[in-house]
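Okay, structure first, notes after.
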Number of protein chains: 2
Amino acid sequence: MPLRADARANRAALLTSAARLFTDQGPDVALDAIARDAGVSIATLYRHFPSREALIAEAYGAEIAALGEVDLAEGTAADALTRWLARFVEYARTKRALGDLVHALPEGSSPPAREVIVDALERILAAGARDGSLTTDQDAQDVLALLAGLWTLPDGPEWPARAGRLARFVVAGLKSSDSLTGQPPL
Amino acid sequence: MPLRADARANRAALLTSAARLFTDQGPDVALDAIARDAGVSIATLYRHFPSREALIAEAYGAEIAALGEVDLAEGTAADALTRWLARFVEYARTKRALGDLVHALPEGSSPPAREVIVDALERILAAGARDGSLTTDQDAQDVLALLAGLWTLPDGPEWPARAGRLARFVVAGLKSSDSLTGQPPL
DNA sequence: AGCTAAACGTAGGCTCCCTACGCTTATGCC
DNA sequence: GGCATAAGCGTAGGGAGCCTACGTTTAGCT
């Protein structure tokens with residue numbers, strides 16, 4: 001059965017407030033603040049979103065879905081990776097709360113957001129293996145771990161430059177498989 | 001003036017308890033629990049260590065100091081980097097709380113632990129620039145950001161393998177400067 | 001033994017998280 | 001239109017953790 005009209009409105013208000021406050025103040029805003037901003041009580045927030053993560057996930061649903069899309073049509077898989085990473089970096093810059101979803105350390109159930117992203121990376125890596133433009137030495141989870149640094153970078157005027165170097169480093173390393181062979185175990 | 005005898009004993013007890021609880025239960029143990037374990041009150045803990053970070057820093061002082069040491073005597077700078085990273089990875093595995101020190105996002109004052117590590121990496125990179133074994137495309141902070149993934153990896157039986165791949169990837173990328181030139185801006 | 005400053009613990013305020021419970025109101029039916 | 005009902009809501013409060021003010025204890029010196 002569909003939600004009641006007031007419930008639907010409250011839900012929407014919560015998502016709007018959440019998106020704004022997460023973007024403005026980071027992933028650790030008090031949930032009470034979000035509820036107050038939306039003009040509802042904290043209980044209503046919990047009724048609609050059982051956890052902070054659930055709220056972030058829905059507030060940034062569009063971005064997560066966008067990261068699930070991979071454009072393999074143009075150029076090599078390495079090109080596709082570069083394009084995908086550009087979007088990833090842009091979200092990391094503007095939607096810092098996404099980091100909590102992507103790199104949470106859940107015992108069993110990792111959040112669906114993470115699954116979507118790992119999935120996208122797997123498709124890119126698989127395409128790279130087919131067209132030979134990417135190494136097969138790292139799996140999607142490895143790549144995601146390498147990108148974790150994006151969320152630890154202090155924001156400021158240097159952020160884009162540093163993030164860009166980080167992303168380029170990852171792409172470059174995934175391109176050349178030769179330099180990785182014959183490494184002594186660490 | 002030196003500390004009073006009881007203060008010295010309490011301090012030592014706190015550090016012992018902290019090291020054990022941080023290792024056993026992760027970086028987020030309640031400070032009250034550490035104080036209780038050491039047989040002192042929470043106020044005493046705060047008197048000796050003004051913040052959680054200060055406590056971690058002292059509890060893991062030996063490890064941090066060890067990461068400040070760089071052995072450039074044998075082999076190339078790239079070899080030195082590999083050796084240093086092996087130690088870094090080992091600490092990341094056994095002393096998960098160190099991550100909070102290394103990748104905290106302080107506005108102004110980054111903790112001294114981070115400085116020590118950045119310093120060590122800078123010396124290695126400088127040596128690499130001199131002997132030509134490492135690229136100059138990334139600075140020490142970039143490298144540290146790349147290693148952030150170590151702290152987000154879920155611990156489990158796969159941890160060492162994944163961490164090893166991550167570290168090897170970083171070393172490999174820092175070795176070959178050629179594959180990084182001429183990249184289009186992301 | 002007695003003095004004093006160093007060190008201590010208790011107790012409590014603050015913030016945030018989360019839930020139990022009783023009230024309000026949208027919605028479908030007559 | 002009015003009313004019954006369950007869906008939805010807010011209040012109020014307990015719990016955990018952080019941190020501090022303040023009065024008490026005690027080590028160390030004479």
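Just so it is clear, none of the values below were taken in a lab; they were calculated from the coordinates. These numbers were taken from a predicted model, which means no experiment stands behind them. Don't worry about glycine lacking a Cβ; one is built from the backbone with ideal geometry, like all the others, and counts go over all protein chains shown.
Ordered by packing density, taken as the mean number of other Cβ atoms within 10 Å over each peptide's residues, highest first, how do A:54-61, A:115-122, B:37-44 rank? Show your work: numbers first, answer last.
Values: A:54-61: 20.2, A:115-122: 17.9, B:37-44: 15.4.
Result, highest mean first: A:54-61, A:115-122, B:37-44.
How far is B:ASP24 from the same spot in each other copy, in nm, shortest first, if each label point sits 7 Å from Cα toward Cβ?
Copy-to-copy label distances at B:ASP24, shortest first: 4.4 nm.
By how many nm would the segment from A:ASP24 to A:ALA104 lengthen if fully extended, with 0.36 nm per residue of separation less the alpha-carbon distance? Display every interim value, and only then the final one.
On the way: separation 80, 0.36 × 80 = 28.80 nm, distance 2.09 nm.
Once the chain is fully extended between A:ASP24 and A:ALA104, it gains 26.7 nm.
Would you mind computing, in nm to one decimal, how far apart the modelled labels at A:ARG87 and B:ARG36 are, each placed 7 Å from Cα along Cα→Cβ?
Once both label points are built, they end up 4.9 nm from each other.
From the phi angles alone, apply the Karplus equation (6.51, -1.76, 1.60; θ = phi - 60°) to the range B:140-145 and give each ³J(HN,Hα) in whole Hz, x where the residue is Gly or Pro.
3J(HN,Hα) across the range B:140-145, in whole Hz: 4, 5, 4, 4, 4, 4.
Ordered shortest first, which distances in nm separate the 7 Å Cα→C-beta label point of A:SER51 from those of the other copies?
From this label point to the equivalent ones elsewhere in the assembly: 2.8 nm.
Excluding residues on the same chain fewer than 8 positions from B:LYS175, give the aspartates and glutamates whose Cα lies under 14 Å from its Cα.
A:ASP178, B:ASP79, B:ASP131, B:ASP137, B:ASP139
For the protein assembly as shown, just say rounded, prolate or oblate: build the C-alpha gyration tensor, square-root its eigenvalues into a ≥ b ≥ c, call rounded for a/c under 1.5, and beyond that prolate if a/b exceeds b/c, oblate if not.
Cα axes put the protein assembly as shown in the oblate bin.
R0 = 51 Å: FRET efficiency of A:ALA62 with B:ALA73, Cβ-based, nearest 0.05? Could the numbers behind the result be given before it?
Numbers: r = 54 Å, r/R0 = 1.06.
The calculated FRET efficiency here is 0.40.
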